[in-house]
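Right, one structure below, let's go through it.
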Amino acid sequence: MCGIIGYTGVKKAVPILLAGLAALEYRGYDSAGIAVQENGLKVVKTKGRLSLLREKLEHATHLQHATCGIGHTRWATHGEPSDVNSHPHATAHLALVHNGIIENYAQIAAFLTERGYTFLSQTDTETAALLIDHYYKEEKEPQKAIFRALQMLRGAFAFGICFADYPDRIYAIRKDSPLIVASTEAGALIASDVPAILPHTNVYYRPEEGVLAVLEKAQVSFYSAAGKQVQQKTERLDWNVEQAQKGGFPHFMLKEIHEEPQAISRTVSAHLKDGLPYFGENFPTEVLKSCRAIHVVACGTAMHAGLIGKRIIERLCRIPVRVEIASEFRYRNPILEENDPVILLSQSGETADTLAALRHAREKGVPTLAIVNVNGSTLSREADHVLYTPAGPEIAVASTKAYSVQCALLYLLALHAGLARGQISAETVREICQKMQHEVPESVEKVLEMNDEICGCAKELTDAEHVFYIGRDVDFDLCTESSLKLKEISYIHSEAYAAGELKHGTISLITHGTPVVALSTVPALAGKMLSAMREVAARGAMLLTVTTKQIAAKEELPADRLLLLPDIDELLAPFPAICAMQLLAYHVSALKGLDVDKPRHLAKSVTVE
Ligand code: AGP
């Protein structure tokens with residue numbers, strides 16, 4: 001998610017803007033820039049880290065006296081990370097920074113092109129800047145120009161705007177994106193989030209949507225679209241910067257788990273058209289329609305999302321799916337038929353093993369599709385096709401929301417392919433998509449409300465040396481991911497087992513008090529899972545049974561602790577289930593007082609083989 005900062009006052013603006021952007025780095029970004037009022041609007045921006053922007057500004061000594069300006073860190077959505085795509089975007093009359101997505105930017109661009117405008121970047125934001133500029137030339141006044149432009153814009157935005165004719169002012173307005181405004185004795189500020197203003201004040205406004213904030217050196221005022229001055233309430237926050245960056249959560253991991261409902265909803269909404277999955281005109285639907293097999297290649301948690309993808313694609317499309325560990329894939333001379341696509345899953349888009357697998361697949365001439373969370377990442381640039389999971393930046397090393405949105409996108413892909421292959425009706429696809437857009441986020445929200453209950457279960461595991469996760473079918477896949485989550489952040493050894501395998505050897509490991517997490521969300525296999533639960537219980541296991549209310553209502557389930565997941569279409573049960581397992585692992589690690597967000601020996605992106 002992008003970061004916005006703005007300052008107008010009696011102090012030098014550049015250091016304040018840079019410090020504000022640094023406080024917003026946690027939001028993830030790939031480029032940064034500022035615009036300041038110094039004999040007109042001067043813009044300095046660059047692809048890359050803030051340090052690069054600082055270097056450029058060290059050579060721009062003529063800007064050091066500026067006392068009004070805006071700044072931005074860009075998390076690319078439209079247009080790859082580059083200098084020209086970085087914000088601020090400037091026109092003859094203004095400079096603008098933006099957090100959000102202009103959904104109808106193509107129509108706006110056409111409107112502007114018809115009126116002789118041309119574009120320097122591939123961004124949606126530039127169309128917004130030029131549209132406001134267009135109306136500024138007509139209205140000769142910023143407020144009217146901004147409100148007229150907003151009548152045409154669709155999507156989510158928080159804008160910070162400077163007009164060359166008003167060198168001491170900043171204009172700011174929001175819709176569906178965060179924006180705060182603060183007024184201090186030394187001047188006024190705007191920002192995307194509280195950490196950026198905390199060094200100046202902990203009292204701020206959060207303007208209502210569509211209300212325009214006008215910042216001047218000594219005051220802030222707010223106006224409605226009708227031009228009427230309106231009052232806005234102030235808020236006060238007693239957090240330090242680090243607490244504010246985590247949104248008040250103790251760890252990024254917990255914050256990111258709590259972002260799952262919105263991330264899933266955003267992912268589904270971004271890939272629907274008329275209620276059906278839609279991935280753009282250039283998406284290789286024909287390949288999915290005619291291929292005889294699909295390969296999914298990834299590492300770690302991303303590979304585990306691939307296991308879920310296998311289940312749903314095979315179930316809906318009847319296409320064999322081979323899920324491969326990337327570091328194994330290229331060294332075993334995989335059998336790749338000409339038209340069989342290789343799907344590469346990666347949150348970072350920079351994982352060396354997955355990149356190597358991509359390059360191997362391309363050498364073999366098979367179609368490649370990258371599903372990544374980072375726009376402009378290496379994987380997204382080298383694959384034949386790319387789909388983005390708009391989960392927003394994932395800071396915690398342990399991947400949570402990225403996994404969930406990867407699964408959501410794989411569900412949509414399966415529905416799209418199943419429809420194209422005539423395996424599933426459009427009506428059924430619409431119905432499932434509708435549930436994914438609404439019931440899935442709601443069910444995950446309900447799991448989040450079970451936090452304290454799940455924390456209680458976690459207390460049973462904190463002293464364990466070994467934990468077993470058992471499940472069947474898709475629950476076995478979920479156990480595989482759940483086990484990794486526990487291992488990587490709590491350092492407790494754990495294994496996931498197909499429940500039917502216990503009697504073939506593993507059950508010899510179960511002794512009195514051995515913790516076993518039994519996951520049962522598949523109604524048709526509930527009976528089989530009951531047998532497995534009874535087997536381990538009979539041997540003294542400490543049994544944590546995780547199931548749905550619907551299944552629990554049918555049978556008396558053995559359990560030392562019972563977690564009842566919200567009922568949902570069993571096809572969609574993985575989403576609430578994995579959220580519960582992520583929370584369980586999180587609380588075990590937190591209760592053990594470990595560094596949840598940065599577990600020992602691990603990196604967020606493994607860029608070496
Ligand atoms: C996730 O919890 C792990 N930290 C790790 O397995 C990760 O999923 C793996 O390294 C792949 O990363 P990627 O999704 O960025 O490619």
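The values are calculated or read from the model by the stated rules, or taken from the named source; none is laboratory data. Fair warning: this is a prediction, and the values are worked out from it, not measured in the lab. Cβ sites come from the backbone with ideal geometry, for glycine too, and all protein chains shown count toward neighbours. Keep in mind that these areas ignore ligands, DNA and RNA; they rest on the heavy atoms of the full protein, side chains included. Shrake-Rupley method; radii C 1.70, N 1.55, O 1.52, S 1.80 Å.
Round to a whole angstrom and tell me the spacing of the C-alpha centers of the stretch 171-213 and the stretch 342-357. Result: 38 Å between the Cα centres. Each of the peptides 487-499, 45-57, 345-357, 126-138 was scored by the mean count of other Cβ atoms within 10 Å over its residues; in descending order, highest first, they stand as 345-357, 126-138, 487-499, 45-57.
With a 1.4 Å probe and every protein chain left in place, work out the accessible area per residue of the stretch 3-158 in Å², rounded to a whole number. Mind dumping the intermediate values first?
Working: 5930 Å² over 156 residues.
Counting only protein heavy atoms, the per-residue value for the stretch 3-158 is 38 Å².
Computed packing ranks the peptides 558-566, 170-178, 573-581 as 573-581, 170-178, 558-566, most packed first, by mean other Cβ atoms within 10 Å. Among beta bridges from DSSP that stay inside the stretch 273-371, the antiparallel ones total about 10%. Our coupling estimate for the stretch 7-23, obtained by passing each phi through the Karplus curve with A = 6.51, B = -1.76, C = 1.60 and θ = phi - 60°, is 8, 9, x, 9, 9, 5, 7, 4, x, 5, 5, 5, 5, x, 5, 5, 6 Hz, Gly and Pro reported as x. Which part of the stretch 469-486 falls in the paramagnetic zone of GLU314, meaning amide N under 17 Å from the point 7 Å along Cα-to-beta-carbon? Output list for this probe position: 471-481. About its Cα centre, the dipole of the chain is roughly 540 debye, where the only charges are +1 on Lys and Arg Cβ and -1 on Asp and Glu Cβ.
P(r) tail, the chain: Cα-Cα pairs separated by more than 41 Å, 30% of all pairs. In order along the stretch 27-36, the Karplus-derived 3J(HN,Hα) couplings, from 6.51 cos²θ - 1.76 cosθ + 1.60 at θ = phi - 60°, round to 6, x, 6, 10, 7, 8, x, 9, 10, 10 Hz, and Gly and Pro are given as x. When the accessible area of the stretch 230-375 is computed with all protein chains present and a 1.4 Å probe, what percentage of it is carbon and sulfur? For the stretch 230-375, the apolar C and S fraction of the accessible surface comes to 47 percent. Dividing the Cα radius of gyration of the stretch 188-257 by 2.2 N^0.38 Å, with N the residue count, gives 1.30.
For MET542, MET436, give the ranking by accessible area with the largest first, probe 1.4 Å. Display every interim value, and only then the final one.
On the way: MET542 30, MET436 0 Å².
I get MET542, MET436, largest accessible area first.
The separation of the stretch 554-609 from the stretch 311-341, counted between C-alpha centres, amounts to 27 Å. What the Cα atoms of the stretch 344-480 give is an Rg and a Dmax of 18.2, 52 Å. Set the Cα radius of gyration of the stretch 32-142 against 2.2 N^0.38 Å, with N its number of residues, and you get 1.08. A full extension of the chain between LYS289 and LYS554 corresponds to an added length of 91.4 nm, given 0.36 nm per residue minus the alpha carbon distance.
Relative to the globular-protein estimate of 2.2 N^0.38 Å, the Cα radius of gyration of the stretch 61-208 stands at 1.03. Taking amide H as placed 1.01 Å from N in the peptide plane, the amide H of LEU387 sits under 5 Å from that of ALA370, ILE371, VAL372, each at least 5 places away or on another chain. Rg and Dmax, both from the Cα atoms of the stretch 229-276 and both in Å, are 16.7, 45. Computed per residue of the chain from DSSP H runs no shorter than four, each worth -39500 (n - 2.57), the mean residue ellipticity at 222 nm is -11500 deg cm²/dmol. Amide hydrogen proximity for GLY155: with H placed 1.01 Å from N in the peptide plane, the residues at 5 or more positions away or on another chain lying under 5 Å are GLU103. For the stretch 69-79, backbone phi angles converted through the Karplus equation (6.51, -1.76, 1.60; θ = phi - 60°) give residue-by-residue couplings of x, 10, x, 7, 10, 9, 9, 4, 10, 10, x Hz, Gly and Pro being listed as x. Charge tally around LYS604: other residues with Cβ under 10 Å, Lys/Arg +1 each, Asp/Glu -1 each, net -2. Taking all Cα-Cα distances within the stretch 285-410, those exceeding 19 Å account for 41%. The stretch 492-539 and the stretch 81-124 have Cα centres spaced 56 Å apart. Nonpolar atom fraction for the stretch 63-111, defined as the carbon and sulfur part of the 1.4 Å probe accessible area, stands at 53 percent. Taking amide H atoms as placed 1.01 Å from N in the peptide plane, the amide H of GLU324 lies under 5 Å from those of VAL296, VAL297, ALA298, each 5 or more residues away in sequence or on another chain. A 1.4 Å probe run over the protein chains yields, for the stretch 432-514, 42 Å² of accessible area per residue, whole-number rounding.
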